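One structure is given here, and the rest of the page talks about it.
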Amino acid sequence: MMAVKLVVGLLIAFFIVTFAGENQEPVKVVYYGGFQYEGNLWIPLLASVGFGIVLTTLGLGLSLIKAKGRNVSLRNKVNMLEKNLKDLKQRPVPDEPGVYPPLGVVEEPKSLPQVSERRALAGRA
């Protein structure tokens with residue numbers, strides 16, 4: 001991994017040197033508040049690229065911190081739910097008849113009144 005970082009760093013340095021060599025034209029940059037810069041074109045270009053890299057890194061860093069905080073919160077919630085499940089599994093189930101339906105028995109859902117019954121009920125109200 002260290003060799004990959006070294007190669008990438010050397011490629012970036014090579015790109016910067018060749019970019020600076022190709023962009024030697026003089027340029028005048030005027031900014032707010034009377035700030036002026038007169039110099040080679042490559043300096044403001046690389047400065048703007050560097051500023052963009054810094055802003056992107058900050059944005060990604062903040063979203064990474066937010067995601068890690070959410071992960072910690074969700075991990076705590078999962079641990080709490082697993083503890084509750086473990087506690088519920090240890091409780092005995094009462095054998096009282098009628099408390100729980102027998103296994104395999106599915107109760108039919110109660111149907112809504114038919115249209116004629118609804119009209120009759122509406123007329124009584």
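Regarding LYS66, is this residue surrounded by 10 or more Cβ atoms within 10 Å (Cβ to Cβ), among the basic types (Lys, Arg) and either in contact with a strand residue (DSSP E or B) (Cβ under 9 Å, 6 or more places away or on another chain) or part of a helix (DSSP H, G or I) (or both)? Criteria met by LYS66. Among the residues making up the range 31-63, those that are surrounded by 10 or more Cβ atoms within 10 Å (Cβ to Cβ) and either touching a strand residue (DSSP E or B) at 6+ places or on another chain (Cβ under 6 Å) or not in a helix (DSSP H, G or I) (or both) are TYR37, GLY39, ASN40, LEU41, PRO44.
Each reported figure results from applying straightforward, stated rules to the coordinates on display, with no laboratory input. Remember, it's a predicted structure, so these values are computed and weren't measured experimentally. Neighbour counts run over all protein chains shown; Cβ positions are idealised from the backbone, glycine included.
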